[in-house]
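Everything on this sheet refers to the single structure shown next.
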Amino acid sequence: MPDKSLERVAVTGKIVDARWLERKFSNKFEVFEMNHSEAASCPESVASLRALIGNGASAAEIDNYPSLEIIAQFGVGYENVDVAYAAERGIVVTNTPGVLSDETADTAMALLLNAVREYPRAEAYMRAGKWRNEGDYPLTPGTLRGRKAGIFGLGRIGKAVATRLTAFGIPVSYCGRSRQADVNYPHFERLVDLAHSVDTLIAAAPGGDATRHAVNAEVLTALGPNGVFVNIGRGTVLDESALIAALSTGAIMAAGLDVYDREPDINPKLFSLTNACLLPHVGSASVATRRAMADLAASNVVSWIEEGKALTPVAETAHLAVRSGS
Ligand code: NAP
């Protein structure tokens, strides 16, 4: 029997393992699973909801919840939450920074290795019986040896990627709006200048209007014919048509993508390119990491309900992180 005194918390959208969340926080709140359109069609059921854990909320969707105080975004990227509108309504928005950085950086390295050394293609070759019947898999034109890497967006994930690249013996430089005080890698203000100075570009920048199609034909061409591009951040950062052209013409050598412009609707031209290594947005997708993300999202809600403090507010609503009077 649910404890009637517990706060009801809406869980919307794609939350892996909502049942686990419900079990773990069963003494803290009651999970109420629903999507935004169900909320719109049944306003009385959400009239008193103060908290939701989810993935994305437009202004119209936020308006479904007249009593909402906190939106705990399941994930670090939050460009699909209308944070300006949430702030206007006095709603604090939180995300899940840090707990997914290593997992996502591991995925970036897998994409880089697979794109450069063709491991998925080599495995497919062996599974098809070609090793025995046709001989050794061809030598790969690509190697990590001698590469120079540039990172677009040197935040938590970008830094975790940089640490891995350094361990692999690959020098790192980066482009971002500001110089990062805690690292000594060379900083470039313009992405095209970074691309000219490296042959391997890894994007770990957030989505949204400020980065839309930042990785364009000019940037890709600057990497040169030995160039490799990896996207672990957001699909909108890349001009996909420009990448398809660059991979088709040999303007760059290979690419590895985890994220796409209109996922899960993938441009079919990408599937026909053997020099593209493609993953279905699995950067943080292990049970352990997704649970750590769910844990942090839920802990924000618990802290808000019990103490009036959000633990990891996004910058745009940081001023709302402490409930007035708390
Ligand atoms: P973060 O710590 O906030 O780092 C983001 C970095 O991007 C910051 O260093 C920031 O530096 C830079 N940046 C922000 N706006 C920029 C702009 N307009 N131009 C250039 N650089 C910009 O975030 P994170 O935890 O590393 O995550 C980064 C992104 O990865 C998330 O936003 C999310 O979209 C994506 N992600 C993907 C997966 C996946 O499964 N593939 C998993 C988790 C996260 P400055 O402020 O100095 O510019």
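Being in contact with a helix residue (DSSP H, G or I) (Cβ under 7 Å, 6 or more places away or on another chain) and surrounded by fewer than 22 Cβ atoms within 10 Å (Cβ to Cβ) narrows it down to one of Val322, Val302, Val282, Val230, so name that one. Of Val322, Val302, Val282, Val230, the one residue that is in contact with a helix residue (DSSP H, G or I) (Cβ under 7 Å, 6 or more places away or on another chain) and surrounded by fewer than 22 Cβ atoms within 10 Å (Cβ to Cβ) is Val282. Just a yes or no: is a residue in segment 136-149 surrounded by 18 or more Cβ atoms within 10 Å (Cβ to Cβ), closer than 12 Å to Val230 by Cβ and either touching a residue at least 24 places away in the same chain (Cβ under 8 Å) or not charged (D, E, K, R) (or both)? Yes, some residue in segment 136-149 is surrounded by 18 or more Cβ atoms within 10 Å (Cβ to Cβ), closer than 12 Å to Val230 by Cβ and either touching a residue at least 24 places away in the same chain (Cβ under 8 Å) or not charged (D, E, K, R) (or both).
For the residues Glu33, Glu61, the requirement of being within 26 Å of the chain's Cα centre (by Cα), at pLDDT 95 or above and charged (D, E, K, R) singles out Glu61.
Counting the residues of segment 68-116 that are of a type in the set (Gly, Ala, Ser) and either touching a Pro at 6+ places or on another chain (Cβ under 6 Å) or in a loop (DSSP other than H, G, I, E, B) (or both) gives 4. Of all residues in segment 48-83, those that are touching a residue at least 40 places away in the same chain (Cβ under 8 Å), more than 16 Å from the ligand (Cβ to nearest atom) and surrounded by fewer than 22 Cβ atoms within 10 Å (Cβ to Cβ) total 4. Among the residues here, Ala86 qualifies as in contact with a strand residue (DSSP E or B) (Cβ under 6 Å, 6 or more places away or on another chain) and buried (at least 23 other Cβ atoms within 10 Å of the Cβ). Look at Val259 and say whether it is near the ligand (Cβ under 9 Å from one of its atoms), β-branched (Val, Ile, Thr) and either part of a strand (DSSP E or B) or in contact with a His (Cβ under 8 Å, 6 or more places away or on another chain) (or both). Yes, satisfied. Only one entry of Val116, Val76 meets the criterion of being of a type outside the set (Gly, Ala, Ser), farther than 26 Å from Ala222 by Cα and at pLDDT 95 or above, and that entry is Val76. Among the residues of segment 208-251, those that are within 16 Å of the ligand (Cβ to nearest atom) and either closer than 16 Å to Ala108 by Cβ or outside the structural domain of Tyr174 (by TED's automatic domain parsing) (or both) comprise Val215, Phe229, Val230, Asn231, Ile232, Gly233, Arg234, Gly235, Val237, Leu238. The number of residues in segment 150-174 that are free of Cβ contacts under 8 Å to residues at least 60 places away in the same chain and either touching a Ser or Thr at 6+ places or on another chain (Cβ under 6 Å) or within 16 Å of the ligand (Cβ to nearest atom) (or both) comes to 14. Quick one: is Tyr65 touching a helix residue (DSSP H, G or I) at 6+ places or on another chain (Cβ under 7 Å) and more than 30 Å from Ile157 (Cα to Cα)? Taking the combined requirement at face value, the residue satisfies it.
Of the residues Ala321, Ala294, only one is of a type outside the set (Val, Ile, Thr) and touching a Phe, Trp or Tyr at 6+ places or on another chain (Cβ under 7 Å); which?
On the way: Ala321 fails: touching a Phe, Trp or Tyr at 6+ places or on another chain (Cβ under 7 Å).
Every option except Ala294 fails the conditions.
Can you find a residue that is within 12 Å of the ligand (Cβ to nearest atom), within 18 Å of Ser197 (Cα to Cα) and touching an Asp or Glu at 6+ places or on another chain (Cβ under 9 Å) anywhere in segment 136-148? No, there is no match, as no residue in segment 136-148 is within 12 Å of the ligand (Cβ to nearest atom), within 18 Å of Ser197 (Cα to Cα) and touching an Asp or Glu at 6+ places or on another chain (Cβ under 9 Å).
The values are calculated or read from the model by the stated rules, or taken from the named source; none is laboratory data. Quick caveat: nothing in here was measured; it's all calculated off a predicted structure. Backbone-built Cβ (ideal geometry, glycine too); neighbour counts: all protein chains shown.
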